[in-house]
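Novice: I am attaching a structure below and will ask some questions about it afterwards.
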There are 2 protein chains.
Amino acid sequence: MILKIYRYLLVLLLLVAGLGVQHLEADDGYRLWLRYDQISNEEVREQYRSSIGEVVLNDNSDTFALIKEEITKGLSGLLGKDIPVNSQVTDNPSLIIGTPSNSNVISSLDLTEKLKSVGNEGFLIEQHEIDGENHFIIASSTDIGALYGTFHFLRLLQTHKDLQDIAIESAPKIQHRVLNHWDNLDRTVERGYAGLSLWEWKTLPNYEDPRYKDYARANASIGINGTVLNNVNANPNMLTEQYIKKAAKLADIFRPYGITVYFSANFFAPSRIGGLENSDPLNPKVQQWWKDKVDQIYKHIPDFGGFLVKANSEGQPGPQDYGRSHAEGANVLAEALAPHDGIVMWRAFVYSPEQEDRFREGYDEFVPLDGEFADNVILQVKNGPIDFQPREPFHPLFGALPETNTMMELQITQEYFGFSNHLAYLGPLYTEAINADTYAKGEGSTVAKVIDGEVFNYEHTGIAGVANTGTNRNWTGHPFGQSNWYAFGRLAWDHTLTAEEIADNWIRMTFSHEQDLMEPVKEIMMMSREAGVRYRNPLGLTHLYAQGHHYGPAPWTSELSRPDWTAVYYHKADEEGIGFDRTETGSNAIEQYHPPVKEKFDELEDTPEEYLLWFHHVSWDHEMSTGRTLWEELVHRYYQGVEDVREMQRKWASVEGLIDQERYDHVESLLEIQEEDAIWWRNACVLYFQTHSGKPIPEGYEKPEHSLEYYKELEETHHIARF
Amino acid sequence: MILKIYRYLLVLLLLVAGLGVQHLEADDGYRLWLRYDQISNEEVREQYRSSIGEVVLNDNSDTFALIKEEITKGLSGLLGKDIPVNSQVTDNPSLIIGTPSNSNVISSLDLTEKLKSVGNEGFLIEQHEIDGENHFIIASSTDIGALYGTFHFLRLLQTHKDLQDIAIESAPKIQHRVLNHWDNLDRTVERGYAGLSLWEWKTLPNYEDPRYKDYARANASIGINGTVLNNVNANPNMLTEQYIKKAAKLADIFRPYGITVYFSANFFAPSRIGGLENSDPLNPKVQQWWKDKVDQIYKHIPDFGGFLVKANSEGQPGPQDYGRSHAEGANVLAEALAPHDGIVMWRAFVYSPEQEDRFREGYDEFVPLDGEFADNVILQVKNGPIDFQPREPFHPLFGALPETNTMMELQITQEYFGFSNHLAYLGPLYTEAINADTYAKGEGSTVAKVIDGEVFNYEHTGIAGVANTGTNRNWTGHPFGQSNWYAFGRLAWDHTLTAEEIADNWIRMTFSHEQDLMEPVKEIMMMSREAGVRYRNPLGLTHLYAQGHHYGPAPWTSELSRPDWTAVYYHKADEEGIGFDRTETGSNAIEQYHPPVKEKFDELEDTPEEYLLWFHHVSWDHEMSTGRTLWEELVHRYYQGVEDVREMQRKWASVEGLIDQERYDHVESLLEIQEEDAIWWRNACVLYFQTHSGKPIPEGYEKPEHSLEYYKELEETHHIARF
């Protein structure tokens, strides 16, 4: 009888279990890379199971409570088995997580020096034999370091790493690793393509949307430690006490995850919401207003990070409205923040309609101010001199400011990469940008070493990414958009990683480990950025976008309120050739680079072809390395861009059935859009440039389906349909 | 040994099962009222299990494939057991779903007359003994009727109804039961408070978001059979072929759920996107344009429903711009649609800035046109004469148009009810509106019987609800917002239902059956609308909202571009008293009602107190039925409104632990906001009206915390913080 009951129950068990572990269950992408599904490779799973019998930690702080939550969730999910959490080691092989102050085991090990060397946010992961039993330890000086270590440890499991004799020392190379949300208070997001802002201001501070915690957790898992909540085109109301209180609730939720909150500040806030007559930074009342305002913020948010400021840029107010310099403006805010250890991130993205070459502006404006900024100001410089284009040479300000903390701003949201409609893995763009060598102090003075402080010994270091998150269920709209958020975080922590190993990790954590999936998906990711360059702006062309939205092509735009918002300003195509002469015969922007970078870009023959038209006006008949003329090469690359997308489609088709149908279908549909758009870009650009070159499209290429006029009209109609 | 293994597996089973059926698992509200969690009452569950051994149906159509999907999901969930689906009856007690043409069993039963009487969308649910075994049948003439019957059957199970000897005949009383989405093509939603529009135009028609199907399914489950995709303030681009193709994809997804797609049409489309010189409805080219356009739409959407038009209303273009009447305008569109059996829903929401009483406008404009509209035009009239206020008397157009099809427009989105921040169950408002007696043909000529066609024998009948859906995970923002979508659908199908039984159903399907939860939650819902009236506009006051956003109070607004957008226009408070005289001594709007409604509203003493100030300017000292003066009663009701909210909070507190913590916390936080806002409304209004009455707030009421000036300022600052 008992046997019968047991048998009956067993059948039930199998049914229930069967429902639970379906392999290719629909995945809506909400969990990001923190999926923790059971490891399907039995050998790997068994190895982990046998070497982690229990977790040992003391959850005596908010952060350690989160560590307990995370490790419990992670291990029970990945190992398919509940792992007990104890406060003392029993005789199991344990995973011990702690700091010298909350763990006897950790403090008893001789880790003092090592812990010191990994600093406040770093951690150690090691295996130690204690009382004859092998234990893993995650050790750090601080709670937050232990949390980072926990996420790292879980990632090792998620990527099936061998834990035998593990010995990891990890510490972030850059201090401030922040997201910049261009989120408006009405919840629209400038250049946001994934729904509304995550911050539901109308129900804050009363309601804590569970998503706030999930957001902080995702960031902490990749080492991001700061977030600027609102748009750099800043609504002054962000600084009212009402909004400060709302933001304080977010800060409370983010704090145990190590995330610091920053505000974008409107420079005219003193007059716009403070009732003062002006916002002149040299007006003592204005200075006092900022001090009082900052004190008020710290009352509500004791660990407030500081301000991000876009001043005298694209219509934003700034110190120059009163004849004051950027430094004079920034320093007033910096002085108010200094007593609280807050910082000012001051954007270097300035350009005026009058200048001859927008490329030069940031450098010409800020290099003369080097040394004038307060110690707690960091100048925030975009990776390239124009504006987050698919490919730019590195910004000449990197390496030119020995006396001014300089951080980098990257764009995660795909403003110039097809929004959330296109697949574009930006890891290769980010690594290209940070690995560029400035030669500021000779070879090896990479941008990375400038922004991590090594080259000039900066007091504050930072890196910012313009976020691509929104209320879309999968956070980023395009299922692959998540990979750019992920890559930004991983590189901000460790800029020595390669784009490919980050992609590898992300695919394993987000999709699966199956080789038949891994390989084609990695290939898709690794080719996607270059494809995006080719079908839009090959050979160093730039900013051929329709003005305003930056989605589709409009290389013909010439009549706008500002010349530097037109496309012809950038490509300068004429009967002779195409490209922007930035050598001595032109704007001489190359003089802003150190030798030998300067020399390399000065010589047409030495300039790498992918940067060619950034620096030279080149004859249509110029012979390229392939033996093709420039015109032929340009056409070739545009066509290649479309072929690349088709190759991505073929590769994607090969993984059907290897991931859930939901995400498969989504990506497939979006690649279909991307192919249409790539053709649109190619045809519009080739037909337009043909009006200058006067040359035919070489044999062997499919002819554009429509006329140039047709594509000019699409600027209107097609655009309204795609965003 | 075997015993040991079984025991071990049993332990595992219990663990897994324990994880699976946790009663109070977090619920993000996405599933709406279609939750299908296992019935926890064992007796009920066992009864259902024993009487439904299998389902019998032939899934030979798209709709029957959905029926199979739904009944499988529903039964396996509710009964916690897989129920087989067969195409023929075996000897089980079965649930047979079919039409006479796809089911031998159904056609063999003598149902012809009954099926005829329930029409094309109706269904029968009965129990029949066949070959000595009891079977349930769901029978209908059409596939879609069978789908409605299936949802009805599942609802019986969800609400634990006894199925013994069941005999249900159900058919919708109203033909066109449509949602109006005020969704713009850029995905913002006018008066939408639950995220962005559900329609992701930029990825249509390529990508089918799974949510499109979930939307259609939710609507079908409550009998909604049409949806107007875009805002009545219509972007003409909706009528471009590009958007028609996108909408066609939605129509394809909605079709098997019985949902027809409609567009809001911009009356100037012929000139704005058609390249014509004007959009004059009497211009033959314009008429041809509409015919061609409609033909083009039907090429892509063969079952397209027709157009909704807001013309010559709040700045929208219309036939009057060319000196043509509404009928002349509507009929041009109607003629184009007629060959395809499409309809025009023409809104009666018109009012000009010059008139003395906006109340009168709809009637004065449209009654003279009665009989002039084409047969396939339906005039869409809001429930009340002003604009979706918390309480309005019924619109006098109901009962005044014997020769013009007239449908009702209700607002589901809470434009005047605190957006998605406040809990307001609108069932009582809807039933109050449809049960009002117009006396058009003597007693019993209710609004319901006007709009279901009984009173005037209309050819087309309809009811529209302005949708409250958006991309928020729980669809409607406030967890209780779903109940208004639900109530609208249920009443559109059957206007004899009471608000309370709908609430009862909704709570059981959305939360739980537990009596300790059911009772307080039902009480909260049933008191919530009246609470909203009290703290905003008691005793027949109306439209005291700050202009534009309609969230908070601004009874003082007097200087706006249009007098009928000010608050003083509506309340007319002065030293003597308060209220709008609409009797013969005033605007005489009451003449638009049939006797005896007219007489009832004419006499101050006969006018129900909740409508008092809608029709009379009443002295502050007027003695009310409670013995209080009007001033005292007004103050009393404002304070009562706040107390009501506090009572709702107390009742909600009593259900903690009886539902999942996620939804509990969310509602609790929102009620906190609602209490703050109710106090804000109360204090602002009482203090403002006091400046007219000159009388003190009676003893015993808590004094307003701040001055009137303070609340006037809040109009700015508080508003920006709440939406």
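The values are calculated or read from the model by the stated rules, or taken from the named source; none is laboratory data. Since we're looking at a predicted model, the values are computed, not measured. Note that each Cβ is placed from the backbone with ideal geometry, even for glycine, and that neighbours are counted across all protein chains shown. Just the protein is used for accessible areas: all its heavy atoms, side chains included, with ligands, DNA and RNA removed. Shrake-Rupley method; radii C 1.70, N 1.55, O 1.52, S 1.80 Å.
Novice: Could you list all residues from the stretch A:414-442 that are more than 14 Å from every other protein chain (Cβ to nearest Cβ) and part of a loop (DSSP other than H, G, I, E, B)?
Specialist: Those that are more than 14 Å from every other protein chain (Cβ to nearest Cβ) and part of a loop (DSSP other than H, G, I, E, B): A:Glu415, A:Tyr416, A:Phe417, A:Ala424, A:Tyr425, A:Leu426, A:Ala436, A:Thr438, A:Tyr439, A:Lys441.
Novice: On to the next question. For the stretch A:396-413, give me each residue that is open to solvent by 10 Å² or more (accessible area, probe 1.4 Å) and part of a loop (DSSP other than H, G, I, E, B). Don't jump to the end; show me each part of the working.
Specialist: Taking the stretch A:396-413 and keeping what is open to solvent by 10 Å² or more (accessible area, probe 1.4 Å), we get A:400, A:402-403, A:405, A:411.
Result: A:Ala400, A:Pro402, A:Glu403, A:Asn405.
To keep it simple, each residue is scored yes or no on (1) assigned to a loop (DSSP other than H, G, I, E, B); (2) without any contact (Cβ under 8 Å) to a residue 60 or more places away in the chain; (3) open to solvent by less than 10 Å² (accessible area, probe 1.4 Å); (4) not polar (S, T, N, Q).
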| position | (1), (2), (3), (4) |
| --- | --- |
| A:Glu584 | yes, yes, no, yes |
| A:Lys600 | no, yes, no, yes |
| A:Leu612 | no, no, yes, yes |
| A:Ser625 | yes, yes, no, no |
| A:Leu634 | no, no, yes, yes |
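Novice: Now for a separate question. What number of residues within the stretch B:470-485 satisfy the criterion of being over 11 Å from B:Ser420 (Cβ atoms) and out of contact with any Leu (no Cβ under 7 Å at 6 or more places or on another chain)?
Specialist: Matching residues across the stretch B:470-485 total 3.
Novice: Quick one: is B:Ile39 part of a loop (DSSP other than H, G, I, E, B), in the same structural domain as B:His152 (by TED's automatic domain parsing) and touching an Asp or Glu at 6+ places or on another chain (Cβ under 7 Å)?
Specialist: Here the answer is no, as B:Ile39 does not meet what is asked.
Novice: Specify which of the listed residues (B:Glu605, B:Glu576) is more than 30 Å from B:Leu423 (Cβ to Cβ) and in the same structural domain as B:Ile679 (by TED's automatic domain parsing). Can you show your working first?
Specialist: Details: B:Glu605 fails: in the same structural domain as B:Ile679 (by TED's automatic domain parsing).
Going through B:Glu605, B:Glu576 in turn, the sole match is B:Glu576.
Novice: Criterion first (surrounded by fewer than 21 Cβ atoms within 10 Å (Cβ to Cβ) and closer than 21 Å to A:His181 by Cβ) does A:Thr240 satisfy it? Break it down stepwise before answering.
Specialist: Numbers: surrounded by fewer than 21 Cβ atoms within 10 Å (Cβ to Cβ): yes; closer than 21 Å to A:His181 by Cβ: yes.
Yes: the conditions hold for A:Thr240.
Novice: Here's a follow-up. Checking B:Trp201 against (1) open to solvent by 10 Å² or more (accessible area, probe 1.4 Å); (2) within 11 Å of chain A (Cβ to nearest Cβ); (3) at pLDDT 95 or above, only one condition comes out false. Which one?
Specialist: (1)
Novice: Is the stretch A:355-375 home to any residue that is in contact with a strand residue (DSSP E or B) (Cβ under 9 Å, 6 or more places away or on another chain), open to solvent by 10 Å² or more (accessible area, probe 1.4 Å), at pLDDT 95 or above and within 30 Å of A:Glu676 (Cβ to Cβ)?
Specialist: No, the stretch A:355-375 contains no residue that is in contact with a strand residue (DSSP E or B) (Cβ under 9 Å, 6 or more places away or on another chain), open to solvent by 10 Å² or more (accessible area, probe 1.4 Å), at pLDDT 95 or above and within 30 Å of A:Glu676 (Cβ to Cβ).
Novice: Within the stretch A:178-201, does at least one residue satisfy the condition of being among the hydrophobic types (A, V, I, L, M, F, W, C), assigned by TED's automatic domain parsing to the domain that holds A:Ser420, in a helix (DSSP H, G or I) and within 21 Å of A:Asp295 (Cβ to Cβ)?
Specialist: Checking the stretch A:178-201: not a single residue is among the hydrophobic types (A, V, I, L, M, F, W, C), assigned by TED's automatic domain parsing to the domain that holds A:Ser420, in a helix (DSSP H, G or I) and within 21 Å of A:Asp295 (Cβ to Cβ).
Novice: Right, another one. Take the stretch A:638-654 and flag every residue that is among the acidic types (Asp, Glu) and under 23 Å from A:Arg628 (Cα atoms). Steps first, answer last, please.
Specialist: Step one: of the stretch A:638-654, the residues among the acidic types (Asp, Glu) are A:643-644, A:647.
Within the stretch A:638-654, A:Glu643, A:Asp644 meet the criteria.
Novice: Can you find even one residue in the stretch B:548-567 that is within 30 Å of B:Leu658 (Cβ to Cβ) and either under 23 Å from the mean Cα position of the chain (by Cα) or not aliphatic (A, V, I, L, M) (or both)?
Specialist: Residues of the stretch B:548-567 within 30 Å of B:Leu658 (Cβ to Cβ): none.
No: zero hits.
Novice: Moving to a separate point now. Mind listing whichever residues of the stretch A:179-198 are within 11 Å of chain B (Cβ to nearest Cβ) and either surrounded by fewer than 20 Cβ atoms within 10 Å (Cβ to Cβ) or on the phi > 0 side of the Ramachandran plot (or both)?
Specialist: Within the stretch A:179-198, A:Asp186, A:Arg187, A:Thr188, A:Gly195 qualify.
Novice: Considering only the stretch B:204-288, give the helices (runs of 4 or more DSSP H) lying wholly within it that have at least 1 residues that are within 12 Å of chain A (Cβ to nearest Cβ).
Specialist: The qualifying helices (runs of 4 or more DSSP H) are B:210-221, B:241-254.
Novice: I've got another one for you. Do you know which residues across the stretch A:88-103 are touching a residue at least 40 places away in the same chain (Cβ under 8 Å) and more than 17 Å from A:Leu115 (Cβ to Cβ)? Break it down stepwise before answering.
Specialist: Within the stretch A:88-103, the first condition is being touching a residue at least 40 places away in the same chain (Cβ under 8 Å), and the residues that meet it are A:89, A:91-100, A:102-103.
Once the filter is applied, which keeps residues that are touching a residue at least 40 places away in the same chain (Cβ under 8 Å) and more than 17 Å from A:Leu115 (Cβ to Cβ), the stretch A:88-103 yields A:Val89, A:Asp91, A:Asn92, A:Pro93, A:Ser94, A:Leu95.
Novice: Quick one: is B:Lys293 closer than 26 Å to B:His181 by Cα and basic (Lys, Arg)?
Specialist: Details: closer than 26 Å to B:His181 by Cα: yes; basic (Lys, Arg): yes.
Spelling it out, B:Lys293 is indeed closer than 26 Å to B:His181 by Cα and basic (Lys, Arg).
Novice: How do the pairs read when you match residues in the stretch B:238-267 that are modelled with pLDDT under 95 with residues anywhere that are open to solvent by less than 10 Å² (accessible area, probe 1.4 Å), using Cβ under 6 Å and keeping only pairs 6 or more apart or on different chains?
Specialist: B:Gln242/A:Ala721
Novice: Tell me, which helices (runs of 4 or more DSSP H) wholly within the stretch B:465-540 include 3 or more residues that are within 27 Å of B:Phe601 (Cβ to Cβ)?
Specialist: On the way: elements: B:481-493, B:499-510, B:515-536.
Answer list for the stretch B:465-540: B:515-536.
Novice: Would you point out which residue out of B:Asn505, B:Asn468 is buried (at least 24 other Cβ atoms within 10 Å of the Cβ) and either within 19 Å of B:Arg177 (Cβ to Cβ) or among the β-branched types (Val, Ile, Thr) (or both)?
Specialist: The match here is B:Asn468.
Novice: A follow-up question, please. Looking at B:Leu497, B:Leu491, can you tell me which residue is aliphatic (A, V, I, L, M) and open to solvent by 10 Å² or more (accessible area, probe 1.4 Å)?
Specialist: Working: B:Leu491 fails: open to solvent by 10 Å² or more (accessible area, probe 1.4 Å).
Going through B:Leu497, B:Leu491 in turn, just one is aliphatic (A, V, I, L, M) and open to solvent by 10 Å² or more (accessible area, probe 1.4 Å): B:Leu497.
Novice: Mind checking whether some residue in the stretch A:679-686 is touching a strand residue (DSSP E or B) at 6+ places or on another chain (Cβ under 7 Å) and either facing chain B (nearest Cβ under 10 Å) or over 16 Å from A:Val645 (Cα atoms) (or both)?
Specialist: Checked the stretch A:679-686: at least one residue is touching a strand residue (DSSP E or B) at 6+ places or on another chain (Cβ under 7 Å) and either facing chain B (nearest Cβ under 10 Å) or over 16 Å from A:Val645 (Cα atoms) (or both).
Novice: How do the strands (runs of 3 or more DSSP E) wholly within the stretch B:114-175 filter down when requiring 1 or more residues that are under 22 Å from B:Gly462 (Cα atoms): which remain? I'd like the intermediate steps shown before the answer.
Specialist: On the way: elements: B:123-130, B:133-139, B:167-170.
Of the strands (runs of 3 or more DSSP E) lying wholly inside the stretch B:114-175, those with at least 1 residues that are under 22 Å from B:Gly462 (Cα atoms) span B:123-130, B:167-170.
Conditions (1) crowded, with 18+ Cβ neighbours inside 10 Å; (2) in the same structural domain as B:Ala546 (by TED's automatic domain parsing); (3) modelled with pLDDT of 95 or more, marked per residue:
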| site | (1), (2), (3) |
| --- | --- |
| B:Arg637 | yes, yes, yes |
| B:Ala653 | no, yes, yes |
| B:Glu656 | no, yes, yes |
| B:His666 | yes, yes, yes |
| B:Leu670 | yes, yes, yes |
| B:Trp681 | yes, yes, yes |
| B:Val686 | yes, yes, yes |
| B:Glu705 | no, yes, no |
| B:Tyr710 | no, yes, no |
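Novice: Something else about it: In the stretch B:463-475, which residue that is under 22 Å from B:Trp199 (Cβ atoms) and in contact with a strand residue (DSSP E or B) (Cβ under 9 Å, 6 or more places away or on another chain) is nearest to the other protein chains (Cβ to nearest Cβ)?
Specialist: Residues of the stretch B:463-475 under 22 Å from B:Trp199 (Cβ atoms): B:464-475.
If we keep only those that are in contact with a strand residue (DSSP E or B) (Cβ under 9 Å, 6 or more places away or on another chain) as well, we get B:464-470.
Values: B:Ala464: 26, B:Gly465: 23, B:Val466: 20, B:Ala467: 17, B:Asn468: 15, B:Thr469: 14, B:Gly470: 9 Å.
Here the residue is B:Gly470.
Novice: List pairs: first in the stretch A:65-87 and on the phi > 0 side of the Ramachandran plot and at pLDDT 95 or above, second crowded, with 18+ Cβ neighbours inside 10 Å and part of a helix (DSSP H, G or I), Cβ under 9 Å, 6+ apart or cross-chain?
Specialist: Between residues of the stretch A:65-87 that are on the phi > 0 side of the Ramachandran plot and at pLDDT 95 or above and residues that are crowded, with 18+ Cβ neighbours inside 10 Å and part of a helix (DSSP H, G or I), the close pairs are A:Gly80/A:Arg45.
Novice: Looking only at the stretch B:660-678, count every residue that is of a type in the set (A, V, I, L, M) and more than 10 Å from chain A (Cβ to nearest Cβ) and tell me the total. Quick ask: steps written out before the conclusion?
Specialist: Keep residues of the stretch B:660-678 that are of a type in the set (A, V, I, L, M), which gives B:667, B:670-671, B:673, B:678.
Of the ones still in play, those that are also more than 10 Å from chain A (Cβ to nearest Cβ) are B:678.
Selection size over the stretch B:660-678: 1.
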